[in-house]
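The values are calculated or read from the model by the stated rules, or taken from the named source; none is laboratory data. Quantities reported herein were computed from a predicted structural model and do not represent experimental measurements. Every residue, glycine as well, gets a Cβ built from its backbone with ideal geometry; the counts of neighbours run over all protein chains shown. Ligands, DNA and RNA are stripped out before the accessible areas are found, and what is left, the full protein with its side chains, is counted by its heavy atoms. Shrake-Rupley method; radii C 1.70, N 1.55, O 1.52, S 1.80 Å.
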Amino acid sequence: MRRLSALLLLVGLAWPAAAASLTYRGEQTLWEDTVWDGEVLIDGILTVAPGVTLEIRPGSTVRFTRYDSNGDGIGEHELFCQGTVRALGSAERPIRFTSAAPSPQPSDWGALNMMASETDNRLEHCVIEYAYRGFHAHFARAVLRDCLLHHNQRGAQFQESQVTLERCRLLDNSNGLQFRDSEVALVDSRVARNQWGVRCVYSTLHMSGCLVEDNLINGVNARAGTVTVTGNAIRGNRRGLYLQGSRGTVSGNDLSANSEHGIFLEEGEVDVHDNRLAGNGRAGVRWVNAAGRLAHNVLAANGEYALINDGTQPLAARANWWGDSAPEAIAAAVRDGHDRAGLGLVDTGAPLLQPLPWEVPVTPAAPESGL
């Protein structure tokens, strides 16, 4: 019996004991590696100190009480990590970060804040809801996989960070995903029913296999950045893809059924090829003083025009399919300097004579609740 007791004591010393129910009140700091397993209530601001790892086990729920000291409508209780967070749930037992309020609302609590945390932060199979900024990284690194971020003011926000999101869902937030001065990979994810879908500035965005739909303003908006946008479906937004002063490649995407434009390019230099731009309300493409290539795209059945050149520079748009190979039909599908004085002309010479074979990009599954 004594040997068994000694063995249990040694096991307990090897790793901090997990608790079934924990409460943190006021301003507290975790100074040693900690495991959460079960129900956790944060009634204040909890900091994970540098060099400390917080492990959250599958099936746990972390609730934050609402506290708004200045009346600005933003809850201030949050998790503030300067160490490492590993929240690794499972499909059967996701981890939930949520409000403790009986009738929760966006901005009830602050954020999962990764601040100067450039370690191996990982969240898998997590639900983050009713926060001001569901997941926030500043001078940090993180990977989110199979996570649902919904009903937040901002689903996720990054500054000066490197973040990968794979198979995530950013649904029904005010802003789905926004970042600046960061490098972000968005892969096989769904961004839907937000006011803004993806919004970034001075950043590098690698985006593939995503479904971006039904966002009130823009599906994807990048300003002064570098983008690689390949194999996505961006549809049913106001503007599908809006690039301002950016550089990069847009290829193999389905940019259709957006109420204004499939792609709006304003300055910058972008290679746009092998995309489907159809059924958009005003135009498939609106081009304003941008450089780059516009070729091998489907530019058919858009509301007013297939292509609008609203800049003063000429635009080469050869080898595209316009829905009709007749020169007069192609001319009618373009608005340029022939229609408005002072605008650049569009060269549509050598158009494709038959439609391009097109397969809609594979888009991720879209569960409405849970994961």
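Some points to look at:
- Full-extension gain in nm, residue 160 to residue 118, via 0.36 nm per residue minus C-alpha separation: 14.0 nm
- Rg then Dmax, both in Å and based on the Cα atoms of the stretch 211-256: 10.0, 25.
- Nearest-ten-degree value, helix 2-14 long axis tilted from longest Cα axis of the chain: 40
- For a label point 7 Å along the Cα-to-beta-carbon line of residue 21, residues of the stretch 63-81 with backbone N under 17 Å: 63-65
- Apolar share of the accessible surface for the chain: 50 percent from carbon plus sulfur atoms, 1.4 Å probe.
- Pairwise centroid distance, computed over Cα atoms, of the stretch 220-272 with the stretch 116-132, Å: 27
- Between residue 202 and residue 332, full extension at 0.36 nm per residue minus the direct alpha carbon distance yields a gain of 43.1 nm.
- Binned Cα-Cα distance frequencies in the stretch 107-221 - 5 Å width, integer %: 3, 14, 25, 28, 22, 6, 1, 0
- Measuring nothing but alpha carbons in the chain and taking Rh as the Kirkwood radius, the Rg to Rh ratio lands at 1.10.
- Note on residue 86: accessible area is roughly 80 Å² with a 1.4 Å probe, heavy atoms of protein only.
- Label-to-label distance for residue 228 and residue 91 is 2.8 nm, based on points extended 7 Å past Cα in the beta-carbon direction.
- Table column - 3J(HN,Hα) (Hz), the stretch 292-298, Karplus curve with 6.51, -1.76, 1.60, x for Gly and Pro: x, 10, 10, 8, 6, 10, 8
- Accessible surface of residue 202 - all protein chains present, 1.4 Å probe, nearest 10 Å²: 130
- The alpha-carbon positions of the stretch 169-252 define a convex hull whose volume is 65 Å³ per residue.
- Potential lengthening of the chain between residue 304 and residue 251 amounts to 16.8 nm, from the contour at 0.36 nm per residue minus the alpha-carbon distance.
- Estimated Rh, the stretch 184-323: Kirkwood, alpha-carbon pairs, angstrom: 14.2
- Heavy-atom accessible area per residue - the chain, 1.4 Å, Å²: 42
- Efficiency of FRET between residue 216 and residue 325 - r from beta-carbon atoms, R0 25 angstrom, step 0.05: 0.10
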